[in-house]
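Notes to accompany the following structure.
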Amino acid sequence: MVKEKKHYTSFHDISPREYMYFPKGTIEMGKPGQFSKTEIIHLLISIGILTIAFSLALTKNNIFQVLVLDGFDLNKLQSDFGKIFLGIITAFFVHELSHKFIAQKYRLWSEFRMYPWGLGLALFLGIFTPFVFAAPGAVMFRGKVRNFEIGQIALAGPLSNIIIAAITLPLYLFVFYETPIASQIIGFICLINSFLATFNLLPFGPLDGIKIIRWNVNVWAISFITAITLMMTIFVRFPISS
């Protein structure tokens, strides 16, 4: 018989008290597709801040590049904003909801909570530098959980990114390669999803990879090799700064 245990987890492995508005007392079991008002607000804030941060950094409109290199380029910011927004939605939003829905499948309470310090750092870097490191928050779950459930919940996020990257890569390479606007959007979606999958599958610290390894090392190895192959394939072909 598989032993059950109480488990509190998040992407950062920080105590739930470090997150804003973590509910106190008894929490009802998760229902598939259930969202709270607090969770929706946290998701919208996180998506907004990430889109702004990445837009400023990737379009060379951060303060460093404006002062030292090219000056402010409003046209590029406007033209690339939608592409970056779609990339954030398909990578970050789908990744977190995949964690959430699998946790709800196992009847766990599960909601996204933003990490204010991580969002603040992402915004600071986006405004002042051409680089962004984002730790926007995490899907938290609570309840009785078994080891294989932890592994499957962890796998759901990067797996969703792998699927999106695997769909968009051939579209970028063979279907829309002669359509500049569509190829830019699809290529960026593929790049950010493959990168996020690879990063989260690294077998270190609080990342998804270590949780998957504890469940099934073969599943982790296949997922990691697939993610890094997709990332390197799109990376050498997609002009990030174009």
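Summary of values
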| read-out | value |
| --- | --- |
| Spatial separation of Cα centroids for the stretch 134-165 and the stretch 175-207, in angstrom | 18 |
| Gain in span if fully extended, ALA135 to VAL175, counting 0.36 nm per residue against the direct Cα distance | 11.0 nm |
| Chain lengthening between MET232 and ASN147 when straightened (0.36 nm per residue, less Cα-Cα) | 27.4 nm |
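No value in this document is a laboratory result; all are computed from the given coordinates. These figures come from a predicted structure and were not determined experimentally.
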